[in-house]
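*Asks:* Questions regarding the structure given below will be posed in turn.
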Amino acid sequence: MHLKDLAYFESLAVHKNYTLVAEKFHVTQPTITYAIKRLEQEVGASLFTRNQAHKEVNLTEAGSILLQSARHIQVEWTTATKEIQHLKRHKIHLGLPPIIETYLFSQVAKKLLKADVLQLIDTEEVGSSKLLTLLRQGNIDIALIGATENFDLTDLEIVELASFPFVIVTKDNDPREFASFSDFADDVFISLDEQFVHPKAFKVLSNQSGIQPHIIYQTNNVTAMKNLVREGIGLAFLTSLALQKKKLV
């Protein structure tokens, strides 16, 4: 069985037209025809029926069964080739959110150095939400991410290294006292952008409190975020990991 035949077959199942599939793969129409015939010979059944009225083809019952397997085979093949390429590089592709890289990674790096693997690390520095996508796509091998209980991580192998609460950051001279998140209903916030875990946690907390504080500005730079808070532009929603001497609630 040729993997290319499966790709032609899957595309034909979607587009239902030999000419369109041939154009998509930049091959001749007979190439697609022969690929389908090879598959039909291997499985011992017809995979398509012709609809002359609409000049298209439709999957048979056998074709529908094969389509599910074809998609699975191609995903497995793509995953395997990516893993092999990683082996060839002899590198571990590690995802690091900026906050964790700045405040926590040095502790991890000591252990990696002791294990003599620090020199094998290639890093990808983006927010936790983006890293989860890269991890599931197989574009990185492992990641140190920030996550909440609202994240669905059931498809990943997880080891919890530390836990840090979310906090509200205000100016040093803010005289107010706060008792709950609902006290911030009339405040404006500077937020990290959607590649981070923070916006999702902020939305959950807002929904639970029945308020929707206004986000005046988004950034992917934690230092810039803190500077905006110092200037009184707005409040910030961060994990305590990212803080040093700030007034916290």
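*Asks:* In region 174-192, is there at least one residue being part of a loop (DSSP other than H, G, I, E, B), within 24 Å of Gly127 (Cα to Cα) and at pLDDT 90 or above? I'd like the intermediate steps shown before the answer.
*Replies:* First, pick out the residues of region 174-192 that are part of a loop (DSSP other than H, G, I, E, B): 174-180, 185-187.
Restricting the remaining residues to those that are within 24 Å of Gly127 (Cα to Cα) gives none.
No, every residue in region 174-192 fails to be part of a loop (DSSP other than H, G, I, E, B), within 24 Å of Gly127 (Cα to Cα) and at pLDDT 90 or above.
*Asks:* Only residues that are under 14 Å from Leu59 (Cα atoms) and exposed (fewer than 15 other Cβ atoms within 10 Å of the Cβ): list them for region 2-36, please.
*Replies:* The answer is Val14, and nothing else.
*Asks:* While we're on this one: List pairs: first residue in region 101-113 and in contact (Cβ under 8 Å) with a residue 60 or more places away in the chain, second residue part of a helix (DSSP H, G or I) anywhere in the structure, Cβ distance under 6 angstrom, at least six positions apart or on different chains.
*Replies:* Tyr103/Leu241
*Asks:* Confirm whether Ala143 is touching a Gly at 6+ places or on another chain (Cβ under 6 Å) and buried (at least 17 other Cβ atoms within 10 Å of the Cβ). Let's see the steps before the verdict.
*Replies:* Details: touching a Gly at 6+ places or on another chain (Cβ under 6 Å): yes; buried (at least 17 other Cβ atoms within 10 Å of the Cβ): yes.
Against the criterion (touching a Gly at 6+ places or on another chain (Cβ under 6 Å) and buried (at least 17 other Cβ atoms within 10 Å of the Cβ)), Ala143 qualifies.
*Asks:* Now for a different question. Sort out which residues of region 114-125 are part of a helix (DSSP H, G or I) and either within 21 Å of the chain's Cα centre (by Cα) or in contact (Cβ under 8 Å) with a residue 12 or more places away in the chain (or both), and write them in order of number. Give the derivation first.
*Replies:* We begin by selecting, within region 114-125, every residue part of a helix (DSSP H, G or I); these are 114, 118-120.
Residue satisfying the conditions is Leu120 alone.
*Asks:* Something else now. Across region 112-124, what is the number of residues that are surrounded by 14 or more Cβ atoms within 10 Å (Cβ to Cβ) and of a type in the set (Asp, Glu)?
*Replies:* Number satisfying all stated conditions: 1.
*Asks:* Could you check region 1-46 and list, in sequence order, the residues that are part of a loop (DSSP other than H, G, I, E, B) and either more than 35 Å from the chain's Cα centre (by Cα) or more than 20 Å from Ser64 (Cβ to Cβ) (or both)?
*Replies:* Initial filter on region 1-46 (part of a loop (DSSP other than H, G, I, E, B)): 1-2, 16-17, 26-28, 44-46.
Result: His2, His26, Val27, Thr28, Gly44, Ala45, Ser46.
*Asks:* Right, here's the next one. Only one of (1) crowded, with 16+ Cβ neighbours inside 10 Å; (2) part of a loop (DSSP other than H, G, I, E, B) fails for Gly232. Which number is that?
*Replies:* (1)
*Asks:* Continuing with the same structure: Among the residues of region 171-191 satisfying the criterion of being of a type in the set (Phe, Trp, Tyr) and more than 12 Å from Ser209 (Cα to Cα), which is nearest to the chain's Cα centre (by Cα)? It would help to see each step written out before you state the result.
*Replies:* First pass over region 171-191, keeping only residues of a type in the set (Phe, Trp, Tyr): 178, 181, 184, 189.
From what's left, more than 12 Å from Ser209 (Cα to Cα): 178, 189.
Values: Phe178: 35, Phe189: 25 Å.
This residue is Phe189.
*Asks:* Moving on. Kindly list, by first and then second residue, each pair from a residue in region 55-80 that is assigned to a helix (DSSP H, G or I) to a residue that is among the aromatic types (Phe, Trp, Tyr), limited to pairs with Cβ atoms under 9 Å and residues at least 6 apart or on different chains.
*Replies:* Gly63/Phe9; Gly63/Phe48; Leu66/Phe9; Leu67/Phe9; Ala70/Phe9
*Asks:* Hey, another quick one. Is it fair to say Gly146 is part of a strand (DSSP E or B) and either in contact with an Asp or Glu (Cβ under 8 Å, 6 or more places away or on another chain) or under 30 Å from Thr219 (Cα atoms) (or both)? Give the derivation first.
*Replies:* Details: part of a strand (DSSP E or B): no; either in contact with an Asp or Glu (Cβ under 8 Å, 6 or more places away or on another chain) or under 30 Å from Thr219 (Cα atoms) (or both): yes.
Criteria not met by Gly146.
*Asks:* Turning to a different aspect of this structure: Ile215: under 13 Å from Lys171 (Cβ atoms), at pLDDT 90 or above and touching a strand residue (DSSP E or B) at 6+ places or on another chain (Cβ under 8 Å), yes or no? Walk me through it before giving the result.
*Replies:* Numbers: under 13 Å from Lys171 (Cβ atoms): no; at pLDDT 90 or above: yes; touching a strand residue (DSSP E or B) at 6+ places or on another chain (Cβ under 8 Å): yes.
No; evaluated as a whole, the condition is false for this residue.
The values are calculated or read from the model by the stated rules, or taken from the named source; none is laboratory data. Quick caveat, the model's predicted, so the values are computed rather than measured. Here the Cβ is made from the backbone with ideal geometry for all residues, glycine too, and neighbour counts use every protein chain on show.
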